[in-house]
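One structure is given below, encoded as structure tokens.
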Amino acid sequence: MRWIFACLIGSMIAAQAACAAEEAFITDQKGNAISVLDLASGHVAATIKLDGHPAGIAMSRDATRAYVTSPDSRQLSVIDTLARRVVRQIALPGGPLGVAVSPDGATIYVADWYGDTVQVIDAKSGAVRAPIKVGKSPSGLVVTPDGKLLVCADREDDSLSLVDLGKAEEIAVIKVGAHPFGIALDPAGTRVFAADVESDDVAVVDIVQRRLVTRIPTGRRPYVVAIAGDRGFVTNELAGTLTVFDLTSLSVVGTIPVGAFPEGVEASHDGKTLYVANWMDDTVSVVNVAQLKSTAEIAVGDSPRAFGTFLRQVDRGAN
């Protein structure tokens with residue numbers, strides 16, 4: 001039934017997707033796979049098998065590589081996005097979860113949930129360097145556009161760690177709400193928005209002044225944050241919604257119903273469309289940013305999570 005629905009809505013989302021990212025690499029955690037979505041047609045174009053319950057994902061800047069964490073098998077998989085296949089697997093300690101890539105693409109950072117560290121990996125050689133100590137149960141990671149600072153959500157410490165990447169050491173700890181998980185940078189790269197899972201809010205942190213600015217109320221169990229234009233969007237797992245807030249006033253401006261237990265969310269390159277992975281529905285919701293509403297759902301694999309950056313811009317003439 002979902003397959004039939006996906007075919008019917010394909011034409012509806014084609015116009016939206018034509019100006020947006022054209023592919024989405026969705027980690028299907030219980031399905032032990034990556035669903036590769038053709039967003040123009042609204043269907044799964046390929047499935048990449050990947051053991052270890054894949055969860056986190058980060059796309060390289062040139063979109064030729066996707067880096068995927070598998071907490072159960074304790075590894076980082078490198079996927080060639082053009083060939084749609086795994087080209088390398090790197091063993092890691094503990095429980096690899098959140099993942100981020102440096103702006104120059106040379107370094108991969110992986111949050112070790114159990115080791116309370118960030119693993120540092122050379123993207124070219126796959127060599128694992130000395131880890132960086134952070135707080136308890138690190139999850140979401142972001143790197144500033146200049147590549148100098150990494151921000152890590154330390155879930156069990158109710159805080160964010162600021163890491164100087166030149167020194168490879170934690171330089172500040174900022175307390176936020178209860179159990180921060182997914183985080184996002186504002187367009188200027190000076191503020192971080194952290195979804196506080198247990199206090200039902202988003203913490204707004206000034207990483208230049210190293211202080212908590214405010215906390216924005218959300219729906220039940222906020223999980224991941226995405227930025228599109230002048231607004232922020234937060235997935236609320238238990239509410240089945242997105243909370244929408246204004247980046248200037250830091251006030252809530254809307255709520256968008258999506259699928260059941262939404263987790264990962266990312267905005268298209270043009271900021272006009274959001275894609276939301278719905279864990280319990282095995283779908284991805286397509287959200288029109290201007291209209292603040294979900295316009296379609298695409299069926300994917302078992303328990304889609306897509307925790308991180310999962311959208312790939314492609315040149316159709318070159319692919």
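No value in this document is a laboratory result; all are computed from the given coordinates. The structure displayed is predicted, hence computed values, not measured ones. Here the Cβ is made from the backbone with ideal geometry for all residues, glycine too, and neighbour counts use every protein chain on show.
Separation of segment 290-311 and segment 58-87 by C-alpha centroid, Å?
Answer, in whole Å: 19.
If I build a Gaussian network model for the chain, linking alpha-carbon pairs within less than 10 angstrom, which residue out of Leu212, Leu185, Leu82 has the largest mean-square fluctuation?
Leu82
For the chain, how many pairs of lysine residues have a Cα-Cα distance under 18 Å, where the two are 8 or more positions apart or belong to different chains?
The result is 7.
Which values of log₁₀ I(q)/I(0), to two decimal places, follow from the Debye formula for segment 29-73 at q = 0.18, 0.19, 0.21, 0.31 Å⁻¹ with a uniform point scatterer at every Cα?
Calculated log10 I(q)/I(0) at the listed q: -0.59, -0.65, -0.77, -1.08.
Pull out the extension gain between Asp246 and Asn288, defined as 0.36 nm times the separation in residues minus the alpha carbon to alpha carbon distance; nm, one decimal.
13.5 nm
I'd like the distance separating the alpha-carbon centroids of segment 88-126 and segment 200-247, in whole Å.
25
How charged is the neighbourhood of Ala111? Take every other residue with its Cβ under 11 Å from the Cβ of Ala111, and add Lys/Arg as +1 and Asp/Glu as -1.
Taking every Cβ under 11 Å from that of Ala111, the sum is -2.
Provide Rg and Dmax in Å for the chain, with only Cα atoms included in the calculation.
According to the Cα coordinates of the chain, Rg and Dmax are 17.8, 53 Å.
Just to be sure I understand: with springs between alpha-carbon atoms less than 10 Å apart, which residue in Val163, Val128, Val87 has the highest mean-square fluctuation in the Gaussian network model of the chain?
In the Gaussian network model the winner is Val87.
Please report the orientation-averaged projected area of segment 129-262, defined via the convex hull of its C-alpha atoms, in nm².
In nm², the orientation-averaged hull projection of segment 129-262 is 7.7.
State, as an integer percentage, the relative contact order of segment 2-312 based on alpha-carbon contacts under 8 Å between residues 6 or more apart.
RCO, segment 2-312: 14 percent.
Sticking with the crude label model, points 7 Å out along Cα→Cβ, report the distance from Glu198 to Val213 in nm, one decimal please.
Once both label points are built, they end up 2.6 nm from each other.
How high is the relative contact order of segment 154-228, given as a whole-number percent (alpha carbon pairs under 8 Å, six or more residues apart)?
Averaging sequence separation for qualifying contacts and normalising by length gives 25 percent for segment 154-228.
If you average 1/r across every pair of different Cα atoms in segment 85-208 and take the reciprocal, what Kirkwood value do you get, in Å?
14.3
Cα centroid distance between segment 144-193 and segment 266-282, in Å?
23
If you count, for each residue, the other Cβ atoms within 10 Å and average over each peptide, how do 149-159, 43-53 line up from highest to lowest?
Put in order of decreasing packing, that is 149-159, 43-53.
Using a Gaussian network model on the chain with a 10 Å cutoff between Cα atoms, which of Gly182, Gly105, Gly95 fluctuates the most?
Among Gly182, Gly105, Gly95, the largest GNM mean-square fluctuation belongs to Gly105.
Only four residue types carry charge here, +1 at the Cβ of Lys and Arg and -1 at the Cβ of Asp and Glu. Report the dipole size of segment 2-312 about the Cα centre in Debye, rounded to the nearest 20.
340
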